[in-house]
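Below is one structure, written out as structure tokens; comments come after it.
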Amino acid sequence: MTRQPSTRPVSHAGALAGAVLAGLLACAAALRFTGAAAKLELLDPGALVRWGLPLTTTAFQLAIALTIGLLLLGGMLMPEGAHTARRIRVGRYAAWSALAWAVCGAVSGVFNYADVSGTHVGSSGFWSNAWQSTWDLELLRAPAITTLVGLCVAVVCFVGASRGVQAFLFFVAVAALWPLALVGHAAGSLDHDAAVNSLVFHLLGVAVWVGGLLAVLLMWSRLGKGAPDVVERFSTVATWCIAMVGLSGALNAWIRIGGFSGLDSKYGVVVLAKIAALVALGVLGWFQRQKVIARLRADRSSRPGRAAFARLAGIEVLVMGVAIGLGAALSRSEPPISGESPLNTTDRAFSLTDYPTPAPLETSSWFTAWRVEWLFTAVAVIALGVYLHWVWRLHRRGDKWPIARTIWWVCGWASFVYFTDAAPAIYGHVQFSMHMLMHMGVSMFVPICLVRGGIVTLAMRALPKRQDGTLGPRELLLAVVHSRVFAFFANPIIAAVLSFGTLIVFYYSPWFYLSLTTHTGHVLMVAHFMITGYIYAYALVGIDPGPKRWAPPIRMLILLVAIAFHAFFGVAMMTGTTLLAPDLFTVLDLSWVPDPLVDQQRAGTVAWGAGEFPTLMLAMLIAMEWYRTDRAAGQRAERQAERDGDAELNAYNDYLAARARAGSAHQKD
């Protein structure tokens, strides 16, 4: 009897351990090659820290990636109900990986403090000083926040996480990557914001891509006949991740090495090794998608096909581990160009905001001043691309989509890019009135355009409905717009209070200063006012499905009250005599802003005046809807009268006649 070749997949836990080991070995080799772990002449923390910090960072990042991948698998990719043995197992695995995330993060935090302070672990006063410094220094505080998020995810998963909870925790875990980008190896570059933004996309792509494949491989033998569907869905996600990792990595490397000339340095050689790993992963992914997945799709019970996927995926995770290890080593290595700039000491604006002082504002500056904010620009480009792709998808199948909605959407994102990349943003970091113009544009004008674009309606028509109970983009979007939370915030009164109430909180709290001097504060400001502005515009003039819309007269009344409140805010700022964010504006000493208080009062004028046009747009849109509603009601009444011979009017006339007769009879008596 001829012995058949074994089709049993490789050990999935062994593949996971192999990825960790490959990452650690690659990290150690890169550290030795670049000399990043060499003994320091001054403030040397010891060999344990020099070698332990990058190695624990590698394990830390792999644990985060695995947690994110497992939550993605359990929350959105597995075609089963909310409570099944497989999903429970995924949640248990996610709990243990999140616990490993927290433990590795804690150890890395200890090593981080030892490295920053130049002291050996366990020396006199080490632990008490480490705890205090962790919350005082951003370099230590940011990864500590990510570590705490991992601990919270672990606790929730250990308690028990259904499909919806796992999907929610996936987004929580993804958000935990942001603090790491703030202190990553590119965050100290001259172009700090571009480096942080590109690193955010890089970390996100790596975590979802690596973690997703690790999760699928870990659960491969338990996915059963649903495995081809899971792999096909993840393959689509992985394709987006590859593009994200490649583009963000290229930008990040360019910022750090300063051009092609930096590739001949030791740092550049490690970068080239990472590029080679990415290319290899791209080739393996292409082969997986074109050959193996097609084979699985053709025969769901094919044991050779399942074994081929597991073997190829095992190779991929090993290469991924190497790439993550090389990245951890780069975070400890000295790049060819220094992150220090002479502007740090000569330019006050740069030392406070990380942006150089712009040239004096002129008429031409409104058209020529430009600085790309990669995070906001990338979001706008993706939003435009996805929207136009969905419109084209409808067109190909013979469906129509109103051109006016497409124009609204394009105008909204084009305006967003202008307000965040052009003169309002460039001068808004150093000039109050320009900041207010940018704020009014992002929070009032842009959301109206986006709401009228009808993105939810377009998505419902363009995205396929999943028949197996998994959560795809369409299902997630429907869950959000029909949720009680969204119904609460989409209440016109709540939306107005949230939009205009936080306006006062923002400007009369430290948040305003932080939005001007820190990247995180600025991003949170833009995101907050875009979201609250969108919900406010949706509550008044939205066209997408969601909570029951209030009658146009009531919405018009709410708009009039909001106008009065907004005018009061503008007048209060116009007449105010106390300078806001004085630690910034009094220090800048700009030649074209001789009196910061006068410029602040001018900002009040901008708030009042610039807010009138969006308010007029809202009023006109509500009035048009009011007119159409009344007209439609009148037409319905006319058609009803034609069908029943005007029975309602005749019944009313009979009622009046009966009252008249009763009154006459009473008078005679």
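The values are calculated or read from the model by the stated rules, or taken from the named source; none is laboratory data. The structure presented is a predicted model; accordingly, all values stated were derived computationally and were not measured. Note that we place each Cβ from the backbone using ideal geometry, even for glycine, and neighbour counts take in every protein chain shown. Side chains included, ligands, DNA and RNA excluded: accessible areas come from the protein's heavy atoms. Shrake-Rupley method; radii C 1.70, N 1.55, O 1.52, S 1.80 Å.
Things to note:
- Condition met for THR84 (under 20 Å from LEU471 (Cβ atoms) and without any contact (Cβ under 8 Å) to a residue 24 or more places away in the chain): yes
- Single unsatisfied condition, ARG555 versus (1) open to solvent by 20 Å² or more (accessible area, probe 1.4 Å); (2) farther than 21 Å from LEU437 by Cα; (3) out of contact with any Phe, Trp or Tyr (no Cβ under 8 Å at 6 or more places or on another chain): (1)
- Selection over the stretch 539-568 of residues that are part of a helix (DSSP H, G or I) and either among the basic types (Lys, Arg) or closer than 11 Å to LEU618 by Cβ (or both) gives a count of 10.
- Subset of the stretch 457-483 (residues that are in a helix (DSSP H, G or I), over 24 Å from MET556 (Cα atoms) and either of a type in the set (A, V, I, L, M, F, W, C) or open to solvent by 40 Å² or more (accessible area, probe 1.4 Å) (or both)): LEU458, ALA459, MET460, ARG461, ALA462, PRO473, ARG474, LEU476, LEU477, LEU478, ALA479, VAL480
- The stretch 262-290 - residue that is touching a residue at least 12 places away in the same chain (Cβ under 8 Å) and over 20 Å from ALA243 (Cα atoms) and, of those, most open to solvent (accessible area, probe 1.4 Å): LYS266
- Applying the set (1) in contact (Cβ under 8 Å) with a residue 40 or more places away in the chain; (2) part of a helix (DSSP H, G or I); (3) surrounded by fewer than 12 Cβ atoms within 10 Å (Cβ to Cβ) to LEU616 leaves exactly one unmet item: (1).
- Looking only at the stretch 199-222, and only at residues there that are open to solvent by less than 10 Å² (accessible area, probe 1.4 Å) and in contact with a Pro (Cβ under 9 Å, 6 or more places away or on another chain), the one that is farthest from GLY14 (Cα to Cα): TRP220
- Among residues of the stretch 572-597 that are of a type in the set (S, T, N, Q), those with a Cβ under 9 angstrom from a residue that is open to solvent by 60 Å² or more (accessible area, probe 1.4 Å), sequence gap 6+ or separate chain, pair up as SER591/PRO360.
- Condition broken by SER499, with the remaining ones in (1) at pLDDT below 90; (2) surrounded by fewer than 17 Cβ atoms within 10 Å (Cβ to Cβ) satisfied: (2)
- Failed condition for VAL231, given (1) among the aliphatic types (A, V, I, L, M); (2) open to solvent by 50 Å² or more (accessible area, probe 1.4 Å); (3) farther than 16 Å from SER198 by Cβ: (2)
- Boolean, ARG602 is open to solvent by 100 Å² or more (accessible area, probe 1.4 Å), at pLDDT below 90 and under 29 Å from VAL561 (Cα atoms): no
- One residue from ALA665, ALA641, ALA610 being surrounded by 12 or more Cβ atoms within 10 Å (Cβ to Cβ) and modelled with pLDDT under 70: ALA641
- Residues of the stretch 384-415 satisfying the condition of being among the hydrophobic types (A, V, I, L, M, F, W, C) and either in contact with a Leu (Cβ under 6 Å, 6 or more places away or on another chain) or in contact (Cβ under 8 Å) with a residue 60 or more places away in the chain (or both): TRP390, VAL391, LEU394, TRP401, TRP413
- Some residue of the stretch 85-99 being within 25 Å of the chain's Cα centre (by Cα), open to solvent by 40 Å² or more (accessible area, probe 1.4 Å) and modelled with pLDDT of 90 or more: yes
- Answer residue from the stretch 569-596, given it is part of a helix (DSSP H, G or I) and open to solvent by less than 20 Å² (accessible area, probe 1.4 Å) and is farthest from PRO358 (Cα to Cα) among those: PHE569
- Only residues that are in contact with a Phe, Trp or Tyr (Cβ under 7 Å, 6 or more places away or on another chain) and farther than 15 Å from LEU214 by Cα were counted in the stretch 77-94, giving 0.
- All positions within the stretch 125-162 that are part of a loop (DSSP other than H, G, I, E, B), crowded, with 16+ Cβ neighbours inside 10 Å and of a type outside the set (Ser, Thr, Tyr): LEU137, ALA161
- Among the residues making up the stretch 396-431, those that are within 23 Å of ALA194 (Cα to Cα) and aromatic (Phe, Trp, Tyr) are TRP413, PHE416, TYR418, PHE419, TYR427.
For (1) charged (D, E, K, R); (2) out of contact with any Asp or Glu (no Cβ under 9 Å at 6 or more places or on another chain); (3) on the phi < 0 side of the Ramachandran plot; (4) open to solvent by less than 60 Å² (accessible area, probe 1.4 Å), each residue gets a yes or a no:
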| site | (1), (2), (3), (4) |
| --- | --- |
| ALA329 | no, yes, yes, yes |
| ALA349 | no, yes, yes, yes |
| TYR355 | no, no, yes, yes |
| THR377 | no, no, yes, yes |
| GLY385 | no, yes, yes, yes |
| ARG396 | yes, yes, yes, no |
| GLY412 | no, yes, yes, yes |
| PHE419 | no, yes, yes, yes |
| PHE432 | no, no, yes, yes |
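- Condition check for ALA567: touching a helix residue (DSSP H, G or I) at 6+ places or on another chain (Cβ under 9 Å) and within 30 Å of MET460 (Cβ to Cβ): no
- Note on the stretch 619-633: residues that are open to solvent by less than 70 Å² (accessible area, probe 1.4 Å) and among the charged types (D, E, K, R) total 1.
- Any hit, the stretch 335-350, residues being touching a residue at least 60 places away in the same chain (Cβ under 8 Å) and within 21 Å of HIS439 (Cβ to Cβ): yes
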